[in-house]
């Protein structure tokens, strides 16, 4: 009898662990978005407004107010007519700290590694057209504010600023991003 009672207590304790783990395990959110990228500063001298796409994951940090998100994004801006730049591309791997003021509004700030590629206009040579490009990896910062809409699948709207510390002068732009989070 005593042995049966010990088994029953052990089984009840072990079956409660997965139920407790469900409540303790942080919820992982996945988001995807598209953006209009408006260059400013030195980048505005050479680039037109472009576009971007981003895929990110977000997990709470100890409570509903703070979260950590990481992701990858791709941004492309065409070159202006008065320059010899065809387009700028940025491939970004970033992580950000997110503060949820309430269920609708949030702020974020973070750091990232940016792979910058500048492609120049094709040049006619004696052998046809040649295109040259420059690439470099740089460190940068990003931050901004956002609004959530919806309850189950949340759509969001963000406005931010990205500052990539490139060789020479930094590349800065405002991404206006719309997307969804599940």
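Only the coordinates and a few stated rules stand behind these numbers; no lab work does. Everything quoted here is computed from the prediction, not taken from an experiment. A quick note on method: Cβ atoms are made from the backbone with ideal geometry, for glycine too, and the neighbour counts reach across all protein chains shown.
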19 Å cut-off, amide nitrogen to a point 7 angstrom out along residue 34 Cα→Cβ, residues in segment 160-174: 160, 174
Length added when fully stretched, residue 145-residue 169, from 0.36 nm per residue minus Cα-Cα: 6.1 nm
Average Cα contact separation per residue, segment 26-181, under 8 Å, 6 or more apart, as relative contact order %: 22
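Subtract the Cα-Cα distance of residue 109 and residue 91 from 0.36 nm times their separation in residues, and report this length gain in nm to one decimal. Don't skip to the answer; put the middle values down first.
Details: separation 18, 0.36 × 18 = 6.48 nm, distance 1.80 nm.
Gain on stretching residue 109 to residue 91: 4.7 nm.
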Cα point-scatterer Debye curve for segment 26-181, base-10 log of I(q)/I(0) at q = 0.10, 0.19, 0.20 Å⁻¹: -0.39, -1.12, -1.21
Zone of residue 133's modelled label, taken as backbone nitrogen in segment 69-90 under 19 Å from a point 7 Å along Cα→Cβ: 73-80, 84-90
Contact order normalised by residue count of segment 61-142, Cα under 8 Å, 6+ apart, percent: 25
